[in-house]
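Below is one structure, written out as structure tokens; comments come after it.
The values are calculated or read from the model by the stated rules, or taken from the named source; none is laboratory data. Here the structure is a predicted model, which means the values were calculated and not measured. All Cβ positions, even for glycine, are placed from backbone atoms using ideal geometry, and neighbour counts span all protein chains on display. Surface areas here come from the heavy atoms of the whole protein model, side chains and all, with no ligands, DNA or RNA. Shrake-Rupley method; radii C 1.70, N 1.55, O 1.52, S 1.80 Å.
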Amino acid sequence: MALEAPTTSSFYSPWPDRLRHSAIILLAAAFALAVLVVLGELSLLRASAVFICIAAAALVPWRLHNAVASREDVHNVNPVETAAVSAVVAGMPDPAVLLDRAGRVLHLNAAAAQLAPALRKNELAQFALRSPEIISALREAIANLETRRATYLDHVPVDRWLEFVVTPVPVPTLFGGTDKCMLMTFHDQTPLRRVEEMRADFVANASHELRTPLAALSGFIDTLQGPAKDDAKARERFLGIMHTQATRMARLIDDLLSLSRVELSAHVRPDTIVDIVPIIRQVVDGLEPLARERQVTIDTDLPETPAMIAGDREELLRLFENLVENALKYGASGGKVEVSLTSALSGDDTPEARVIVRDFGPGIAPEHLPRLTERFYRVDVGDSRAQGGTGLGLSLVKHIVNRHRGRLLIESVLKKGATFTACFPQAKAPPSL
């Protein structure tokens with residue numbers, strides 16, 4: 001302990017405040033000294049000197065201090081609950097939660113609050129976590145003070161593979177000792193899992209779908225090198241068929257790669273705000289030549305005001321292009337395709353933008369509707385291949401809609417056409433300049 005001289009600012013702090021705080025001491029001292037003077041036990045001069053010393057001790061701002069902290073400060077501030085510890089947890093890139101030995105939440109960052117919204121400070125984490133693997137690993141770590149890991153699949157809002165790690169960390173206690181807290185972190189394994197699945201699916205699907213065009217190309221090449229070597233008409237016809245098959249293979253590979261890219265980032269929602277009205281207009285304008293070729297009229301009903309959603313422009317272009325192109329190809333017999341954009345409320349009263357593509361063709365039988373978005377599923381295999389389809393268009397549409405946290409609705413009645421509706425949560429329009 002040591003005496004510390006006050007700084008200039010504290011020395012000249014308001015004297016009335018000090019006098020008010022020391023009034024009782026000074027009054028008691030003055031009364032006691034006055035009694036001693038009246039009784040002749042003390043002279044007036046000595047009593048005055050004693051009172052001056054007491055007043056100086058009470059009013060002059062000398063203070064005792066400890067180099068670390070006063071006992072009152074130690075009791076009032078838990079080292080683990082300081083702002084510095086909170087800042088460290090908040091700055092971690094992955095979801096992170098710091099628990100005490102009982103499993104109560106001391107600190108958590110924004111990523112953890114988004115991953116597990118039920119987590120609350122000073123409440124038990126076990127009650128806020130849904131996965132049995134997490135709860136079991138956390139209980140074992142608390143009981144044994146050992147690091148535990150667990151991998152689990154989170155289905156909300158989309159499938160995500162997460163690795164959970166709980167690690168005991170030493171922390172200081174109130175009186176200079178050490179204790180153990182539990183640091184929970186969550187590591188997203190989804191990209192790695194997606195890459196593994198993408199590789200396996202690509203090999204299986206590509207080998208299956210590419211076999212037919214490759215066999216056709218190989219057969220025509222053998223024919224052109226052999227019996228039709230000098231037949232100009234056969235060569236011209238076979239080269240046209242080979243070009244069609246090569247184009248189909250190129251489109252198939254392009255669709256497979258697009259689908260794989262969307263699946264790889266399915267757990268990451270786009271955050272760029274885009275207006276889908278000009279995107280739809282661009283798609284319709286680009287498909288006008290195909291519509292004229294199929295003798296189909298495209299009628300559009302689009303609002304003049306922007307329709308803003310959080311989305312990826314290139315993926316949305318691909319989505320609307322697939323829907324309108326499918327309507328032109330498979331609903332051409334109806335002679336007309338309608339493309340419209342409306343606003344409505346979803347089931348939970350959330351405003352959403354609905355892009356509706358309707359054709360007036362032969363329609364789709366009810367038994368096929370639930371499977372339309374499966375990979376390589378075709379209602380009519382021969383017709384689909386004749387139209388140049390790869391069987392991946394609606395699967396790609398579904399995955400893009402899911403990544404944008406939307407919904408895909410399919411309605412159809414035989415001989416009355418089909419209606420495909422892509423619903424997206426609306427975003428606020430940017431302020432006008």
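Values for this structure:
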item	result
Any pair with Cβ under 6 angstrom, 6 or more apart, that starts in the stretch 351-379 at a residue that is within 30 Å of S260 (Cβ to Cβ) and of a type in the set (K, R) and ends at one that is open to solvent by 40 Å² or more (accessible area, probe 1.4 Å) and part of a loop (DSSP other than H, G, I, E, B)	R371/Y377
Pair list, Cβ < 9 Å and 6+ apart or interchain, from the stretch 33-52 residues that are more than 23 Å from S22 (Cβ to Cβ) to residues that are open to solvent by less than 100 Å² (accessible area, probe 1.4 Å) and among the β-branched types (V, I, T)	E41/V35; S43/V37
Selection count, the stretch 209-226, where residues are under 24 Å from G391 (Cα atoms), of a type in the set (A, V, I, L, M) and in contact (Cβ under 8 Å) with a residue 12 or more places away in the chain	4
Pick from the stretch 97-127, criterion assigned to a loop (DSSP other than H, G, I, E, B), within 21 Å of the chain's Cα centre (by Cα) and among the hydrophobic types (A, V, I, L, M, F, W, C), ranking: modelled with the highest pLDDT	L119
Which listed residue is open to solvent by less than 60 Å² (accessible area, probe 1.4 Å) and within 27 Å of the chain's Cα centre (by Cα), from G335, G393, G361	G393
Hits in the stretch 128-148 - residues which are open to solvent by 90 Å² or more (accessible area, probe 1.4 Å) and within 23 Å of the chain's Cα centre (by Cα)	R130, P132
So L192, is it surrounded by fewer than 17 Cβ atoms within 10 Å (Cβ to Cβ), under 20 Å from L264 (Cβ atoms) and not charged (D, E, K, R)	yes
Residue list for the stretch 233-252, restricted to those being of a type in the set (A, V, I, L, M, F, W, C) and over 14 Å from R375 (Cβ atoms)	A234, F238, L239, I241, M242, A246, M249, A250
Sole exception among (1) touching a Phe, Trp or Tyr at 6+ places or on another chain (Cβ under 9 Å); (2) open to solvent by less than 30 Å² (accessible area, probe 1.4 Å) for L257, by number	(2)
Of all residues making up the stretch 248-282, the number that are outside any helix (DSSP H, G or I) and either closer than 11 Å to H404 by Cα or hydroxyl-bearing (S, T, Y) (or both)	8
Residue selected from the stretch 173-189 under the condition outside any strand (DSSP E or B) and surrounded by 13 or more Cβ atoms within 10 Å (Cβ to Cβ), by the criterion farthest from the chain's Cα centre (by Cα)	L174
Any pair with Cβ under 7 angstrom, 6 or more apart, that starts in the stretch 255-266 at a residue that is on the phi < 0 side of the Ramachandran plot and ends at one that is not in a helix (DSSP H, G or I)	D255/T390; D255/L392; L256/L392; L259/L392; A266/V158
